[in-house]
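Reviewing the structure listed below.
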Amino acid sequence: MKTQLSGPPSPSETFEPYETMRPIPLGVLMIAVALALWGVVLLFDNSEAVAIGQAERADVLADQPARSDADGASLFSARCATCHQPNGSGVSGAVPPLAGSPFLAGRAEVPIAILLRGIDGPIRVRDTVYDGHMPSFASVLSDEEIARLVSYLRERFADRPAPVAAEMVTALRGELAGGSGWKGGQELAARLAPELAPQPSFALASRAEADPATMRLVNEGTNGSWACASCHGALGQGSETVPRLAGLPAGYIARQLESYLNGSRRNESMAVVARSLTRQERVALGDYYALLRAPSNARPSLGGDIARGERLVLEGVWDRGIPPCVSCHGPSAFGVAPGFPGLAAQHPAYTASQLAAWVSGERDNAQQKLMNGIARSLDDADRRAVADYLATLPPVPVAATKERADDRR
Amino acid sequence: MNRILPLGVIALGILAFATLMLVIGPAIQIKSMAPTPGLANYSAQELRGREQYVAQGCVYCHSQQPRSADQAPDAERGWGRAAVASDYVYDRPHQLGTMRTGPDLFNVGTRLPSRDWHLTHLYQPRAIFAWSIMPGYPYLFERKSRAGPGDVVVSLPAEHRPAEGVIVAKPAALDLVAYLQGLDHTNPAPARAVRDDGYSERGEPR
Amino acid sequence: MIDDDRISAEAQDSPKQEGAGRAVRRGVIALGGGAALFVLVSMAFDLGWLRDRGEPVKNREAPQAMHTFFPPGEQAIPDGPAGDAIKRGQAIFMNTRMNAKDFVGNHLSCSNCHLDGGRKADSAPMWAAWVSYPAYRKKNKQINTMEDRIKGCFTYSMNAQNSPTGGAPPAGHDVYKDLQTYMHWLATGAPTGKKMLGAGYPELDKPAGGYDPARGKLVYDAKCAVCHGSDGQGQRDLNGRLVFPPLWGPDSYNWGAGMARVNTAAGFIKANMPLGQGNSLTDQQAWDAAAFIDSQERPRDPRQKGSIADNAKANHGGDSYYGKVVGGRQLGAGTK
C-alpha cells in the first residue's frame, strides 16, 4: 500500500475512491445542542401557555354563570341604576323614580311587561309626566333574571316582599312577543293596570313608513350597489363587523355615508354604496334607520374583561386621559343626537375594530378628532373589554318623531 | 453508496415516528370530537360551493383559522374568535390554508353576509377594492342581453358594467357564494376545546 | 467500522484510547459550547440586541402628574352608616338637581365642574379642597368653613335663588353632612394645610394681547359647540336627560359664580376641555373661549342690592364681564 501511494501514479484496477470520515465540525454540534435546548424550553413554554389559556377560559366561564346568577340587587345596580339612580330617585324631568312608583306597587305583571317591551311614550309617575324612552330588556335578560330583578324592585321600592316566579315572566314574554315599546302609560294602563289611569294620552305620531324609494334601497339595492338589508339585516341589527344601525341618530348615519365618500372613513364596500346614493337618499336612509327598533343580537365575543369594560364605560380612566364613554355618548350609551351615536348593543367586533381604526387612521371623521386620542389611550385588552361590555347593554329605544326634524338640519 | 440498510431503517423510523406524532396521535385525539355547539353541517349547495372553493384554489391565498388574541389581533379585525379543533368536524379535507395573502375567511359569512356583495366581488374584486390583487372569476358569470326569470344579476358600479346587457351568475358562482355565506364559526367555543394557546402569558389581561 | 480502521491505520498516529478521549472531549466542548450559545442568544434576545421584540408602543401617558394625590376608588367605600353617608354624598355630587332638588335652581351638578366625581386633578378636586378649609376668603371677607364654601356653590354655581326653596340648604342640613362625608373620604391620606398639586383650577397667565370674546366665539364654534351646542345650552339624550351642561342662560351658573370670572373659566377650560383633550388648547384660546362664554347673559347675581353698577363695583373686579356693555347690552341683568 505504501509503495502505491508514494510511487508514480499507476492506478490500481481495484482502487475504489472513498472519502475519509471527517468529523462534524464542532460549531455545528454546538448549534445542534443549542437548538435542542431551545426546543425543550419551547416545549415547556408552550405547555405552560396551554395551561394558562385553559385556566383563563375556565375563569371566564366561571364568571359567566355568576353574572347570570346575579341576585336582584346586583342586577339593579348593573341594569337600572345608571338611569333610575342607585337610590331609585330617577332624574328630574327625564327618568321617573322607582321609589314609591305605583307601577311597581301594583300587579307584578306591570314592571315585567315594562322590562320586556320598554316604553316609547309619556307616562305619569307620582303626578309628574315623563316623556319616557326605556329600552326593552327582553333580549339581554333571561326570564329568571327578570323575575329576580322585579322581586328585588318591588321589595325595595314598593314594600311588596312576595317574590315573582320566573314562570310568570315566561308566560308574559310569550304573550307580549313581537310588540314594540309601550306607547306610554296609556297603553300600559289599558292593557294591564286600569288602576294606573289616568295616564297622559299619546297621540300615536304617524311613524311614516319610509317612502317606497327608500325601502327599495334598503331591500333591493340599486343598479350599482347592494341592498342595505343584505348586510345590515332586515331590522338593521347587523352582525360581527357589520354595525347595528337601528336606533342610531339620523344625522350620524348620513354623516358616515358622507365620510365614506370623502375618504375620512375608509371602507371600500361602503364607499361603493355611498357613491350610488344621492344626498337626499343618504338623509332618508338615516331617518329610516334612526326609527327602527330591533332587539339586541350582540353578545360579548372577544373574550374581554366585562368588569373592566364596565369601569371604562361608566367611569373612564382619567389619569390616562380617558373620560367615561357615557359622558358624551349619553347615560346607558343611548347616544346624543345628532353627533354622538348610541353604543349600546353594538356588535363587539365592530366596536373594537372601529376603536382600532381610529388609531390606525382608517377612520378619521370624529368631530374635533375627539375619538382619536381616546382610542390611542386604550390598549388591545381595553378595546375588547369595552366592546364586550357594550354588547351586554339593551338596545337604544326609539326616539320620538320630534327628534327627526332636529337631526335633519 | 455504503450501508444502505441502516440508512433506510433510520429514515423509515424517522418517518414512522413523525407519522405517529403528527398524524396518528392527533387523529386519535380528535377522532371522537363532537362539533362545536351550534355548528351546522353544510347543505348540498354549500358542499357544491365548497368544491368550487377547492377547485378555484382559494386556499392558496385565504386561510380558515383565526388566531387567538395572544397571537394576532384577528378578533379585532372582525375575523372571529380563535378557531378550535371541533370547528372543523364537517370539513373533509379542511381548508386551513397557510397563506394570508387575502383575509381569513373562516367567518366571512357573518362579516359579509350579502350574497350580492360576494357576487360583485367574485366577478371583479376591483369594482370594490381598487387596490385588490385578487383575481376576478368572470368565467363563473355570463353576459346576457337581459336577465331571464330566476337569473341573479350582479350589481356593478357603472365603470365595470358591460356596454350592453347584464352580468348574471352561473350556478357555480351561486354555490360558491352560498358556501362563503355559510362560513360562520362565531358560536362560543367550549372552554375545554382543543385549540392553540401558543403565546398566552400569565397575568396578561384578556 | 472498516472506514474507521482504515483511517486510523493510515493516520497511524494515535492508539484507540486516545481517539475515544478525543470524542469525549469533543462531546464536552459541543455540549458546553451549545449551552453557552443558547445562553448567549437568549440573553441577546432579552436585552433586545437582536430585534425589537414587538413590545406594544407604550401609549399610556404617564399619569398626568406623578406626584399628585390619588383618591380612593369607588370600591373602597366602607360599609355601615359612614359608607351610606359617603354614597349619599356621592349621589348628591353626581346628580345634584335630583338628590338636592330643593336647593338647585339650574341644570348643573357638582360633577359638571369637578370632573370624575371630584377626583380629577386640576378640576378643583375635592380631596384638595377638603384639606384647605376652613380658610379666609376674599369673596365674603370672612373665615369660611367647608359648609360655608359648599353653601357658596349652591348660592352661585347652582343658582339656588331659583330653586323650590329659594335658597341654599340651611346651616347643618343633611346635604352638607353627606357632601362633606364624601369629600372627607375622597381626601383619605391627604396632608392637611399643604397646598397640593392639582388643587383648584390652574392659574393661567393673562395673554399679552388680552382676551377677546369675538375671537372666543371662533374657538367656541370650533371646539365647544359640538357638545355644548351652538347656543350654549348643552345637549340632552332622548329622555331629555342633560348630557352636556348649559354654559349660559337661565339653566347655567349665575353671575356670582367663580366660573363667571374669565380667569377661573380659562383655567378650567385649559386643563380639562374639550373633554378627553385637556391642555390641547393654547392659553390664548382658553382665555378667548372663556371670555366668550362669560360675556353671555346668565342668572342675576344674588348679591346685587342696588344697581348693576353698584354691585359691579362692590363684587366684580378683575376679569368679569358683569356690568360691562357687550354687543350694545349691559350684562348682569339676569335671565328669566
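The table for this structure:
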item	result
Flag for B:V59 being in contact with a His (Cβ under 9 Å, 6 or more places away or on another chain), in contact (Cβ under 8 Å) with a residue 24 or more places away in the chain, open to solvent by less than 50 Å² (accessible area, probe 1.4 Å) and within 29 Å of A:E362 (Cα to Cα)	no
Residue within the stretch A:384-402 that is within 26 Å of C:D221 (Cα to Cα) and either open to solvent by 20 Å² or more (accessible area, probe 1.4 Å) or within 14 Å of chain C (Cβ to nearest Cβ) (or both) present	yes
Of all residues in the stretch A:304-319 being open to solvent by less than 40 Å² (accessible area, probe 1.4 Å) and of a type outside the set (A, V, I, L, M), the one that is farthest from the other protein chains (Cβ to nearest Cβ)	A:G309
Qualifying residue in the stretch B:88-105 (condition: within 14 Å of another protein chain (Cβ to nearest Cβ), closer than 26 Å to A:E220 by Cβ, touching a residue at least 12 places away in the same chain (Cβ under 8 Å) and of a type in the set (A, V, I, L, M, F, W, C))	no
Filtered residues of the stretch A:333-346 (kept if within 19 Å of A:D388 (Cβ to Cβ), more than 8 Å from chain C (Cβ to nearest Cβ) and either open to solvent by 20 Å² or more (accessible area, probe 1.4 Å) or not in a helix (DSSP H, G or I) (or both))	A:P341, A:G342, A:L343, A:A344, A:A345, A:Q346
From the options C:S280, C:S295, C:S307, residue that is assigned by TED's automatic domain parsing to the domain that holds C:D221 and open to solvent by less than 20 Å² (accessible area, probe 1.4 Å)	C:S295
Sole residue being in the same structural domain as B:A69 (by TED's automatic domain parsing) and basic (K, R), chosen from B:R195, B:R115	B:R115
Residue match in the stretch C:105-125 (condition: open to solvent by 60 Å² or more (accessible area, probe 1.4 Å), more than 8 Å from chain A (Cβ to nearest Cβ) and either at pLDDT below 90 or within 21 Å of A:L314 (Cβ to Cβ) (or both))	no
Neighbours by Cβ (under 6 Å, 6+ apart or cross-chain): first from the stretch C:161-183, assigned by TED's automatic domain parsing to the domain that holds C:L108; second of a type in the set (S, T, Y) and open to solvent by less than 40 Å² (accessible area, probe 1.4 Å)	C:A168/C:T155
Extreme residue, farthest from the chain's Cα centre (by Cα), among residues of the stretch B:141-165 that are open to solvent by less than 40 Å² (accessible area, probe 1.4 Å) and within 14 Å of chain A (Cβ to nearest Cβ)	B:G165
Test: B:D91 is surrounded by 16 or more Cβ atoms within 10 Å (Cβ to Cβ) and assigned to a loop (DSSP other than H, G, I, E, B)	no
So C:K151, is it at pLDDT below 85, open to solvent by 70 Å² or more (accessible area, probe 1.4 Å) and within 24 Å of C:Q304 (Cα to Cα)	no
From C:F38, C:F70, residue being modelled with pLDDT of 65 or more, surrounded by 10 or more Cβ atoms within 10 Å (Cβ to Cβ) and within 30 Å of C:W185 (Cα to Cα)	C:F70
Among (1) open to solvent by less than 40 Å² (accessible area, probe 1.4 Å); (2) free of Cβ contacts under 8 Å to residues at least 24 places away in the same chain, the one test that B:P138 misses	(1)
Residue that is nearest to the chain's Cα centre (by Cα) [pool: residues in the stretch A:12-62 that are in a loop (DSSP other than H, G, I, E, B) and within 8 Å of chain C (Cβ to nearest Cβ)]	A:P23
Identity of the residue in the stretch C:184-232, farther than 18 Å from C:T68 by Cβ and of a type in the set (S, T, Y), that ends up surrounded by the most Cβ atoms within 10 Å (Cβ to Cβ)	C:Y211
Residue list for the stretch B:62-85, restricted to those being more than 8 Å from chain A (Cβ to nearest Cβ) and open to solvent by less than 10 Å² (accessible area, probe 1.4 Å)	B:S63, B:Q64, B:P66, B:D74, B:V84
Subset of the stretch C:311-336 that is open to solvent by 20 Å² or more (accessible area, probe 1.4 Å) and of a type in the set (S, T, N, Q) - its residue that is farthest from C:W255 (Cα to Cα)	C:Q330
Members of the stretch C:246-276 found to be open to solvent by less than 20 Å² (accessible area, probe 1.4 Å) and assigned to a loop (DSSP other than H, G, I, E, B), listed by number	C:P246, C:G249, C:S252, C:Y253, C:N254, C:W255, C:G256, C:A257, C:P274
Answer residue from the stretch A:234-277, given it is in contact (Cβ under 8 Å) with a residue 40 or more places away in the chain and at positive phi and is most open to solvent (accessible area, probe 1.4 Å) among those	A:E240
Any hit, the stretch A:113-135, residues being farther than 18 Å from A:P395 by Cβ and part of a helix (DSSP H, G or I)	no
Every residue from the stretch A:278-303 that is open to solvent by 60 Å² or more (accessible area, probe 1.4 Å) and in contact with a helix residue (DSSP H, G or I) (Cβ under 8 Å, 6 or more places away or on another chain)	A:R299
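Let's see how each residue does on (1) open to solvent by less than 20 Å² (accessible area, probe 1.4 Å); (2) in contact with a Lys or Arg (Cβ under 9 Å, 6 or more places away or on another chain); (3) small (G, A, S):
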position: A:E144; (1), (2), (3): no, no, no
position: A:A147; (1), (2), (3): yes, no, yes
position: A:A165; (1), (2), (3): no, no, yes
position: A:A171; (1), (2), (3): no, no, yes
position: A:A177; (1), (2), (3): no, no, yes
position: A:G181; (1), (2), (3): yes, yes, yes
position: A:E187; (1), (2), (3): no, no, no
position: A:A190; (1), (2), (3): no, no, yes
position: A:P194; (1), (2), (3): no, no, no
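The values are calculated or read from the model by the stated rules, or taken from the named source; none is laboratory data. Please read all numbers here as calculations on a predicted model, not as lab measurements. Cβ sites come from the backbone with ideal geometry, for glycine too, and all protein chains shown count toward neighbours. Areas reflect the complete protein model, heavy atoms only, side chains present, ligands, DNA and RNA absent. Shrake-Rupley method; radii C 1.70, N 1.55, O 1.52, S 1.80 Å.
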